[in-house]
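Only the coordinates and a few stated rules stand behind these numbers; no lab work does. As the structure is a computational prediction, the values presented were derived from the model and not from experiment. Note: ideal-geometry Cβ built from the backbone for every residue, glycine included; neighbour counts use all protein chains shown.
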Amino acid sequence: MTAERQCPKCGQIIPWGQVECPLCTERTSYFWSLRRDTFLLLTLLVLLLLFVATGFATKFYHAQEKVIAEQWFARGEAELRAGQASAAVEDFRNALAYSRDNAKYRLELDKALLAAGRLQEAHARLLALWEQEPGNGVLNLELARLAVRQSSVPEALRYYHNAIYGEWEKDPVEQRHAARLELAQFLLRSGQKAAAQSELIGLAADLPPDSGLETQVGSLLLASGENDQALKLFLEALRLNPGQEAALFSAGEAYYNLGNYSAAAHYLRRALEGDPHSTRAQTLAGTARLILSVNPSEPRLSRQERAKRTFRAFQQAMARLLNCAASRGINLQAGQESRRLQSLYAQAMDVQPDVQIPALGEDSDLRATVMDLAFDIENATAQECGQPQGLDLALLLLGRAQGGGRP
């Protein structure tokens, strides 16, 4: 019979057929399981702490990168404002090194390259951005400006129009107005007045009630030769701001160009009250007053006054004719009627005996004939001898405004 065995650890009888004590084996297995679970839990906890620490470290690193990028970007903006375009280029490159995908930084770098005169590099970079966002208003505007610098008119027009109808993140209406205004200025510089007028008229129809903006657009219309549309904007600007000097002067100039010298004198006088040293306003106002003083068609004039003005106009035109002919070495009495000045001189000699104040006061047809002749003389001498001054200029402009007139 086999002797019973006792466990040396716990003293319990080990059952027959088993090598180890069941009780001790069970305890060992339990404690081992317990230690293993604890170990796994601690391991997971450590891994979690490491993950969190890594996340914080990464976040801190990226935050530091962002701060450094913003510092370089701010420095680049300051350099660009100060006219240091080359330095700004390097600053923006440094900013992009810390924020590679920042579209704002990339665009400012392109602007700095343009300002630094590095047109080819700027063009390549802008096109790369444009291919990603062909409807971006800012990108199209910068490409338009680049095309202007490269004297590429078709490209400039294309990108300006893309900018006008493109997408803008901030203040889209104002940005589109500014782009169209810039396009109109470019067209005027290029001598394309009709195209500029078209853009400006379209812009004028969509302007907000802003006297400064209306005056600015009106001034460009005035420069393009569109006096009527310009005048409407100036008058609207004055309705919003009655004392605006620029609008007062421009309204006076528009009326002057349209031949309404009475209204021109009124607005120019008001403009000079605000800016008495404006040479241009003084010149236009002086000429307008001269025109009004010599015009025999002004309302509420007596017959005597109409006659005096007609007589004065004839005398002035004759003096201008004689001086012009003398300066050109033209013999007015040579009888060569193929010459315009000689023909006008012959007509003047025919009518001169009748150019007397009493006769002019009684005969309105005579006044009309004399004034038409004076206007013709001023036009012909302007073509032969150049633009006149003073009273001769007043008669020239009055004749063009009246088409010969009939006092």
1/(1 + (r/R0)^6) with r = Cβ-Cβ of Glu362 and Ala178, R0 = 45 Å, i.e. FRET efficiency to nearest 0.05, evaluates to 0.15
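Given a cut-off of under 8 Å on Cα pairs at least six residues apart, what relative contact order in percent is computed for segment 303-402?
Numbers: 95 pairs, mean separation 37.6, N = 100.
Across segment 303-402, relative contact order equals 38 percent.
Which of the peptides 208-220, 321-333 is most tightly packed, and how do the rest follow, going by the mean number of other Cβ atoms within 10 Å of each residue? List each step's numbers first, then the result.
Working: 208-220: 19.5, 321-333: 15.3.
Output ranking for 208-220, 321-333: 208-220, 321-333.
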Cα-projected label distance for Asn323 with Arg189, points at 7 Å along beta-carbon direction, nm: 4.0 nm
At q = 0.13 Å⁻¹, what is the log10 ratio I(q)/I(0) for segment 217-361, with the Debye formula run over Cα points and no solvent? -0.77
Quick check on segment 207-294: what does the Kirkwood estimate of hydrodynamic radius come out to from the alpha carbon pairs, in Å? 12.6 Å
Please work out how much length the chain gains when fully extended from Ser297 to Gln333, using 0.36 nm per residue of separation minus the C-alpha to C-alpha distance, in nm with one decimal. 9.7 nm
Over every pair of different alpha-carbon atoms in segment 303-402, take the mean of 1/r and invert it; report that Kirkwood radius in Å. 13.6 Å
Using θ = phi - 60° and Karplus 6.51 cos²θ - 1.76 cosθ + 1.60, couplings along segment 263-276 (whole Hz; Gly, Pro as x): 5, 4, 4, 4, 6, 5, 4, 5, 5, 5, 5, x, 9, x
Assuming R0 = 30 Å, can you tell me the calculated FRET efficiency for the pair Ile13 and Leu41, based on Cβ-Cβ distance, to the nearest 0.05? 0.20
For Gln347 and Gln150, FRET efficiency with R0 = 51 Å and r from the beta-carbon atoms, rounded to 0.05? 0.35
